[in-house]
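Student: One structure, as structure tokens, below. Some questions next.
Derivation of every value follows stated rules applied to the coordinates shown; laboratory data play no part. On a predicted model such as this, the values are computed, not experimentally measured, just so you know. Heads up, the Cβs are rebuilt from the backbone with ideal geometry, glycines too, and the neighbour counts pull from every protein chain shown.
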Amino acid sequence: MAAEYLHGTVIEADLSKRPFRLKVDHEWLETRTLIIASGASARWLNLPNEQKLIGHGVSSCATCDGFFYRGKKIMVVAVAIRHEEANFLTRFGEEVALVHRRDNFRASKIMLGSRTQQSKIKMFPNTVVEDVYDASQHLVPA
């Protein structure tokens, strides 16, 4: 028997017994096996040059693309600080700049403490990124 892919919004679920019962959108379904692939989506900054530089220096996944930046300076614009990602990038980058628009980071003190102890991580609070440029094209802001 082949697996069936369904795309929809699960409104309600009863996983207490088999078959599992799911209300997908407005229809109740039953299944013996359930694979939940909720996925994730990037939170882009909507900068003027951002989309055209995806895959050319701009990335949304530290663990997927970190190795592309081996030996380079990496900038992470923090929407939500993730301890694992910042530390992960220090394995590859010469330096990791962590930029955040507010004056303080909302991560726990333990997470921030371990980050500030990382000599490769430089914090830039109260900083807003207005655009990104392709250094290989020598773009200069107007």
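Student: In whole Hz and in residue order, list the ³J(HN,Hα) couplings for region 63-75 that follow from phi through the Karplus curve 6.51 cos²θ - 1.76 cosθ + 1.60, θ = phi - 60°; x for Gly and Pro.
Tutor: Values, residue by residue: 6, 6, 10, x, 5, 5, 10, 4, x, 10, 7, 10, 10 Hz.
Student: With a sphere of radius 14 Å drawn around the Cβ of residue 73, what net charge do the other residues whose Cβ falls strictly inside it have (Lys, Arg +1; Asp, Glu -1)? List each step's numbers first, then the result.
Tutor: Values: positive: 70, 72, 120, 122; negative: 94, 95.
Net of charged neighbours comes to +2.
Student: Follow-up question, since we're still on this one. What are the ³J(HN,Hα) values, in whole Hz, obtained from phi via the Karplus relation 6.51 cos²θ - 1.76 cosθ + 1.60 with θ = phi - 60°, for each residue of region 13-21 in sequence order, with x given for Gly and Pro?
Tutor: Once rounded to whole Hz, the list reads 8, 10, 9, 6, 8, 9, x, 5, 10.
Student: Between beta-carbons, use under 14 Å as the cut-off and find the net charge around residue 129, counting Lys and Arg +1, Asp and Glu -1. Don't skip to the end; give the middle numbers.
Tutor: Numbers: positive: 43, 101, 102; negative: 50, 130, 131.
My count for the surroundings of residue 129 gives 0.
Student: Give me the distance between the Cα centres of region 1-75 and region 85-102, rounded to whole Å.
Tutor: So the two Cα centres are separated by 23 Å.
Student: Under the rule of at least 5 residues apart or a separate chain, name every residue whose amide H is placed under 5 Å from the amide H of residue 121.
Tutor: 96
Student: Something else: How far apart, in nm, are two points set 7 Å out from the Cα along the Cα-to-Cβ line at residue 40 and at residue 18?
Tutor: Computed distance between label sites residue 40 and residue 18 equals 3.1 nm.
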